[in-house]
Amino acid sequence: MYPQGGPRTPEVDFQKILAMLRANFGRFAGRLGGAGVGLLVVGIIALMVVFWGASGIYTISPGEAASLRLFGQVQGIPINDTGLHWWWPGPIGQTNVEQVTETKRMELGFRGTDTGAISAFPDEALMISGDLNIVDVAMVVQYNIKNLADFLFTVDDPGEQTPGRAIEPGRPEGRTLKDAAEAALRLVVGQRSIDDVLVRERESVAAATKERLQEILDDYRTGINVINVQLQDVKAPEEVRDAFDDVLRGRQERDTKINQARTFENDIIPRAKGDAERIIKEAEAFAQARIARAQGEADRFTSVLREYRRSEKSREVTRQRLYLEAMEDILPGITKIIVSPDAQTVLILGGREGITPIPLGPQPRP
């Protein structure tokens, strides 16, 4: 395990260098005079200083950040300052360069391999829902680094070396992240029924787990930012899976029938409303026509009545005309003969011109 403060950068081993110099110094000391020995020692020391100083050169690539320490104290974290840089090499200073924008992935409840094979981890996936049912939940957490100093130096994680996941000690993305994700997921699932977890509120479960996991990681000062939480496979335990599948199929059929009924309802109700509106409009138009016709007939009757009341002659003519019109309405298509005791002629109705006067008989001579 690395000491607290994360992994150290390689340091120059001065003991080995001095041992090599002492082993070879005797061979050259006899060949050189006193001044030559002094110059050689100075040159060797200068060369060592140059190599030591050159070991402090480091490079920051796009998306990386460097944590700079001087005598173990964090001095700064340059971000997006790409290119070559220099910082005091060990043992005076240390430099840690990390990729902070890369999206990393942690699998909970299963492990995938490069060949596509998937291994189940039931100890992580099996949990109890709020209605005391056992549910098997597999989850993927996507994250990156938001605070490099906390990520490197705050949490002393034991790491994790499980199949499909190799995390070195000293980084909080090992057991710390896995245990926090498992705790957050168990808390959220334990507050909901198995139906909500399996079908109805999967997105809500993922969102609540993400929020709770971020709170835990922030409390631990891990420096990890949770980007997304995805529920991969949520199912009932193997022993009762068939029964749950039957229930799910029944619910799907029920939802299908409900959707079909709503589709029919949305189709038939607007059509019925349209027909009802059309019938109402036709009835209103018919009523307006009848009212207008009745008003016209009433106005015509009033005008006839007004003419009827003007004089006795007008009344006689009006009565005669009304009588004739009534007879035409009563006996249509039939020839009518009206005889008056005082009439000198007979009126025959229904001729070519409507009313044709013809002689009643031989006219008396004057």
Exercise for review: Inspect all residues belonging to the range 186-206 and state whether any of them is free of Cβ contacts under 8 Å to residues at least 24 places away in the same chain, of a type in the set (A, V, I, L, M, F, W, C) and touching a strand residue (DSSP E or B) at 6+ places or on another chain (Cβ under 8 Å).
Suggested key: no
Point to revise | strands (runs of 3 or more DSSP E) contained entirely in the range 133-213, each with at least 2 residues that are buried (at least 20 other Cβ atoms within 10 Å of the Cβ) and within 21 Å of the chain's Cα centre (by Cα) | key: 134-145
Practice item. Output the residue which, of all residues in the range 216-247 that are β-branched (V, I, T) and in contact (Cβ under 8 Å) with a residue 12 or more places away in the chain, is surrounded by the fewest Cβ atoms within 10 Å (Cβ to Cβ). Key: I227
**Study point:** Matching residues, the range 111-132, being of a type in the set (D, E) and either in a loop (DSSP other than H, G, I, E, B) or not assigned by TED's automatic domain parsing to the domain that holds V197 (or both)
**Key:** D114, D131
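For the condition of a type outside the set (V, I, T), touching a helix residue (DSSP H, G or I) at 6+ places or on another chain (Cβ under 8 Å), farther than 26 Å from L231 by Cβ and in contact (Cβ under 8 Å) with a residue 40 or more places away in the chain, what is the one hit in N133, N147, N96? Before the answer, list the steps.
On the way: N133 fails: farther than 26 Å from L231 by Cβ; N147 fails: touching a helix residue (DSSP H, G or I) at 6+ places or on another chain (Cβ under 8 Å).
Within the list N133, N147, N96, the selection yields N96.
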Study note, to complete from the structure: Result of the Cβ filter at 7 Å on the range 157-174, keeping first residues that are in contact (Cβ under 8 Å) with a residue 24 or more places away in the chain and partners that are among the β-branched types (V, I, T) and surrounded by fewer than 22 Cβ atoms within 10 Å (Cβ to Cβ), at least 6 apart or interchain, is G159/I167; G164/T113; E173/I167
Practice item. Determine if the range 77-97 includes at least one residue that is out of contact with any Phe, Trp or Tyr (no Cβ under 7 Å at 6 or more places or on another chain), outside any strand (DSSP E or B) and at pLDDT 85 or above. Key: no
Revision key, fill the gap. Considering the range 77-95, residues that are out of contact with any Leu (no Cβ under 6 Å at 6 or more places or on another chain) and under 20 Å from N144 (Cβ atoms), and then whichever is surrounded by the most Cβ atoms within 10 Å (Cβ to Cβ), we arrive at P78
Practice item. Tell me which residues, restricted to the range 50-76, are β-branched (V, I, T), part of a strand (DSSP E or B) and more than 17 Å from D150 (Cβ to Cβ). Key: I57, T59, I60
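The values are calculated or read from the model by the stated rules, or taken from the named source; none is laboratory data. Since the structure is predicted, the reported quantities are computational estimates derived from the model, not experimental observations. Methodologically, a virtual Cβ is constructed for each residue, glycine included, from the backbone with ideal geometry; neighbour enumeration extends over all protein chains shown.
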